[in-house]
Amino acid sequence: MRMSARAQVVAAVPVALTIALGAVADTGRAAPVRVKDLVTIEGTDPVEVYGYGLVIGLNGTGDGRTITYTRQSIRNLLERMGLTVNDDRIRARNVASVMVAATVTPWDRAGSLVDVVVSSIGDATSLAGGFLLLTELHGPDGKLYGTAQGALSVGGFDVSTLSGSRIRRNYVTSGRVPEGGRIVATPEASIPTRGNLHLLLDEPDFAEADRISRALNSFWNDEDLTTTLDAGRVAIAVERLESIGGFARAMAALDSVRVEPTTVAKIVINERTGTLVAGGDIRIQPTTVSHGNLQVRVESLNQVSQPPPFARVGETLPVRNQTIGFETGRPGVVSLPPTTTADELATALNALGVEPRDLIAIFQALKEAGSLPAKMEIL
């Protein structure tokens, strides 16, 4: 029996998908990951610290004279060194005012080194080659947690010429000082000595919390060690920690125990950049997608009209000729069974020449039609 042309197109798509994707694995199961990457230990939150400082040694790319607080900072710095300078006489294009930020954890002790991020707050054009002067780092409570100093690593460049040409890579008004921060005070960790120690899930989910609890109990061969309280908390009995080697050994197990994370059927769309991210295990309901391309082209051909040789009258004038044309691509039809996943549909549409923005529109239409059982988030 011979098939119709439409039936041949519909039947050929799954075959093409099989050839393109090869042996498709079971996308319903996620790869196991460490429990350490899924939870946070309650009471061990880090402290965000920051401070105001100066970067010196710039090659004329620092703050201009309109940034008055930079001149005031230079004056205060020089006064502490026994020099008195009027603000009006300070012209230091080699200095920039910056904010310095870092993160201090309860496991950092006095003398530990951490990386710091340095960002310009004035009109400096580049921090490349600069040196951060000693800067105090305070927490939200006003307490001094550390100091920072060292040479900046910008990781980019910004070069311009007097004629207006400019070439830039990455941002040069922000950089890092590797291990430039030194801890002077340690944040307090509120770890309970009795009752329960809680593991907080980064993405609360009842199934994932239960998997973590079962995996930890199986690892320590103790069914009463952990308990699932709700979608976001797994409780560890503090009294039973001594039987498994104490708090440190129990927390080290979070790096050894692996569980399968729960995946959420979700599609994230950024229409500004034409980006679409969809989970591969999203099952699409039976549906048919038709797509046709229409391309409109406008071309300009610039010519010059001038009088013939030795003509006594006439004027040379530019002439712009415009032509308009359009092309309509042959529409493609894709019909997919209910076992089709989102990545298989994207592969099929890409084979038809669908552009990323058109792909976003198709997924939005599938959502409205009820064929896409997934949450959709627009950035």
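Values in this text are rule-based calculations from the coordinates and carry no lab data. Note that the coordinates shown come from a computational prediction; the quantities given were computed from them, not determined experimentally. So basically every Cβ, Gly included, is an ideal-geometry build from the backbone, and we count neighbours across all protein chains shown.
When the convex hull of the C-alpha atoms of the stretch 47-183 is computed, what volume per residue in Å³ does it have?
Expressed per residue, the convex hull around the Cα atoms of the stretch 47-183 is 115 Å³.
Summing +1 for each Lys or Arg and -1 for each Asp or Glu, what net charge is found among the other residues whose Cβ lies under 13 Å from the Cβ of residue 105? Show your work: numbers first, answer last.
Details: positive: 109; negative: 45, 48, 108, 115, 188.
Charge balance near residue 105 sits at -4.
Please compute the modelled spin-label separation between residue 68 and residue 277, points set 7 Å along Cα→Cβ, answer in nm with one decimal.
Between residue 277 and residue 68, the label points sit 4.5 nm apart.
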